[in-house]
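The values are calculated or read from the model by the stated rules, or taken from the named source; none is laboratory data. Because the structure is predicted, anything quoted here is derived from the model rather than measured. When we count neighbours, we look across all protein chains shown, and the Cβ atoms used for this are built from the backbone with ideal geometry, even at glycine. For accessibility, only protein heavy atoms count, side chains too; no ligands or nucleic acids. Shrake-Rupley method; radii C 1.70, N 1.55, O 1.52, S 1.80 Å.
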Amino acid sequence: MTLNNVLKDAWEIGKKKCGFLVLFGLASAIVGSLSSKSSNQDSIKVLQKIAEGDMQGAKAMQELAKNPPMSSVDFILIIIGVLLSIYVSIALYRYVKKIVDDEDVDFKELLNSSVKVYGMFFVKSLLYGLAVGLGLMLCVLPGIYLAVRLAFVQYIAANEPELSVSETFSKSMNLTKDKFWDLLGYGIVAILIVLSGFLLCCVGYLFTAPLSAVFMGVVYKELVQESYIPESAPESSENNEVQ
């Protein structure tokens, strides 16, 4: 596996599936705008005055009551945005795996299956975030190390939901064993791919954000082939064996 080959493969796939990738980018941007809903300008001014010491005690409480930093509607929109963004991520990961493996995509099945794996994906993603977050609090370096070693937890969680939490984390650790520096480099390239979209008046981000997922999907496929870790057997295969 070389960087040039991974970039070439990701770019070829990205060109073929450009329209669908942009749709995923657009969906991500829309739900992201919900989860980033900000407070109104009046409440911001009140908080600034409190921070500057111009408003204290009972007066500050009264002003905040009139202009709360976040309304109930804002809070609900944020929750909806977060939940939808998780769903879009699952669908994107599942779509990326199919196009990287050159499989046909049934979007109805893709969207329905993304709902079915939502719960376990959420749990595994939460644990992944906690692990990396705690690592970042411990002098940053442990967080970077865990982010690289567990880089494929969410990708595996979306595409192999039958794996337990420990199996999902173990598979990512096994895939990335002895490849820390290489994968750190690939991760940096993936970030640069996303950032390159902002050079085109930010519109390019709608393509480069999902393209970075394709890039890492290609990396994942190469790692699986190199380390001979088989994909989990589909349920249909298990049923046939029983018969």
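Cβ-Cβ distance below 8 Å, separation of 6 or more or different chains: which pairs start in the stretch 200-216 with a residue that is open to solvent by 40 Å² or more (accessible area, probe 1.4 Å) and end on one that is in a loop (DSSP other than H, G, I, E, B)?
Note: pairs meeting the criteria are Met216/Ala151; Met216/Phe152.
Take the residues of the stretch 172-199 that are aromatic (Phe, Trp, Tyr) and open to solvent by 90 Å² or more (accessible area, probe 1.4 Å): which is nearest to the chain's Cα centre (by Cα)?
Step by step, filter the stretch 172-199, then rank; the result is Phe198.
For Tyr128, indicate whether it is closer than 30 Å to Lys15 by Cα and touching a helix residue (DSSP H, G or I) at 6+ places or on another chain (Cβ under 9 Å).
Here the answer is no, as Tyr128 does not meet what is asked.
With the structure loaded, tell me whether Met137 is open to solvent by 10 Å² or more (accessible area, probe 1.4 Å), of a type outside the set (Lys, Arg) and either modelled with pLDDT under 95 or at positive phi (or both) or whether it fails that test.
For Met137, the condition - open to solvent by 10 Å² or more (accessible area, probe 1.4 Å), of a type outside the set (Lys, Arg) and either modelled with pLDDT under 95 or at positive phi (or both) - is met.
Considering Leu92, Leu127, Leu163, Leu84, which residue is in contact (Cβ under 8 Å) with a residue 12 or more places away in the chain, assigned to a loop (DSSP other than H, G, I, E, B) and surrounded by 15 or more Cβ atoms within 10 Å (Cβ to Cβ)?
Residue meeting the stated conditions: Leu163.
Going by what's in this entry, would Lys116 be described as closer than 15 Å to Tyr93 by Cβ, exposed (fewer than 15 other Cβ atoms within 10 Å of the Cβ) and not hydroxyl-bearing (Ser, Thr, Tyr)?
The answer is yes for Lys116.
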